[in-house]
Amino acid sequence: MSERDADFAAEISDELFQEAVIWHGRLREAAFHTGSQETVLAEFESWQQQSSLHPAAFCEVELLWGKLELPVKRIWRAQGQVSPVISDAQAVPSQAGRQKPSNGWRIAALAAVILLCIVTGGYFKNDVEQYFNPGLYITSQQPMTQTLPDGSKITMNVHSRLEVAFGADKRLVKLQAGEVWFDVAHNAQKPFVVETAQGTITVLGTRFNVRKMADSVIVSLVQGKVALRDKATASQAPTLLAPGMAADLTPTGIGKAHSFDAFATTAWQKDQMVFYDAPVSEVVKELNRYYPGKIVIANRHLADLHISGVFRTDNIGRVLDAIENTLSVRVIRVTDYLVVLAWQDDA
């Protein structure tokens, strides 16, 4: 790195870098909204001219983004044009040698935005899959209630996938992702079976919740009776679950049955989230199910802080406000689709 590069790296403050990240996000969004491009570009050019460090800060953001393989210039080129303003900005010397331990959130923020590009591409894929498989139900940002051919009712939480494959001898549904509430119509001759990667849940007529996690499935029974059978010990007798009890289906077997909070477990059906002294890492993980973008924790120590409350799933901003007002956390809204949580002293 040259002496001039080193000078730029030393003088770009975290505040200026944050502004550059915001501009990077605005330019990405403007590339897909032709009506606002001229206004955004004019404002961006004005921002760059405030000092020689402003284009240098933007260039540093582009450098990090370039390592993630999605620079703004490529986005605009894909849309059929590359703004001279953007091209000129990238002519400023890069800051390859700039590394500060406290700035780890920078890369985390940029990495989160690239995930958004991957996620948004999934909506078209869902439509195609459902067209060729009418028995496949998929939700994205909104829960959905559906009545099945046998009269059973299902309510699917956000980001869930369920395939219905009723046969002559049983009513089979395959939970592929997410969380589903089942209100099963009674039919002793045709058992209702929920199949997951970890095992099956067999019922005759009952009301229960099933949530698929990364490597397990949580079954919470409100009414009736279900039989759990895991794939690891399929030859053994099934485990019966009584009302008010829950159990986990795991790759190694069925966990011990335990009581559960029905209010918290079923809150999502009322567009609510319930947290009892929950770590921020768990809260953010839940928020990301409902947030249309991505919420990132910049500092791993923030993940260990705790918060309690009942919040609306359709008002994520209120939850973020609660975190900011009750904890030593700064909520940085980089774009409409990217939020970074950082220590107040670091932000």
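The values are calculated or read from the model by the stated rules, or taken from the named source; none is laboratory data. For clarity, every value in this text was computed on a predicted model and none was experimentally measured. Cβ sites come from the backbone with ideal geometry, for glycine too, and all protein chains shown count toward neighbours.
Looking only at the stretch 282-323, residues that are in contact with a Lys or Arg (Cβ under 7 Å, 6 or more places away or on another chain) and either among the β-branched types (V, I, T) or part of a helix (DSSP H, G or I) (or both) come to 2 in all. Selection within the stretch 254-286: residues that are within 30 Å of Q236 (Cα to Cα) and among the charged types (D, E, K, R). The member of this set that is surrounded by the most Cβ atoms within 10 Å (Cβ to Cβ) is D261. Would you pick out the residues in the stretch 189-214 that are among the small types (G, A, S) and either outside any loop (DSSP other than H, G, I, E, B) or under 19 Å from P243 (Cβ atoms) (or both)? Selection gives G199, G205.
From the list A303, A347, A298, A322, which one is over 26 Å from R161 (Cα atoms), out of contact with any helix residue (DSSP H, G or I) (no Cβ under 9 Å at 6 or more places or on another chain), modelled with pLDDT under 90 and surrounded by 14 or more Cβ atoms within 10 Å (Cβ to Cβ)? None of the other options fit; the residue is A322.
Identify the single condition in (1) at pLDDT 90 or above; (2) surrounded by fewer than 17 Cβ atoms within 10 Å (Cβ to Cβ); (3) touching a Ser or Thr at 6+ places or on another chain (Cβ under 9 Å) that A197 does not satisfy, given that it satisfies every other one. Checking A197 against (1) at pLDDT 90 or above; (2) surrounded by fewer than 17 Cβ atoms within 10 Å (Cβ to Cβ); (3) touching a Ser or Thr at 6+ places or on another chain (Cβ under 9 Å), the one that fails is (3). Looking across the stretch 157-194, the residues that are touching a Gly at 6+ places or on another chain (Cβ under 7 Å) and crowded, with 22+ Cβ neighbours inside 10 Å come down to S160, V184. V340 - would you say it is under 20 Å from P143 (Cβ atoms), out of contact with any His (no Cβ under 9 Å at 6 or more places or on another chain) and part of a strand (DSSP E or B)? No: the conditions fail for V340. Figure legend. Inter-residue proximity from the stretch 199-222: first residues free of Cβ contacts under 8 Å to residues at least 24 places away in the same chain, second residues crowded, with 22+ Cβ neighbours inside 10 Å and β-branched (V, I, T), beta-carbon distance below 6 Å, spacing 6+ or different chains. Indicated pairs: G205/V184.
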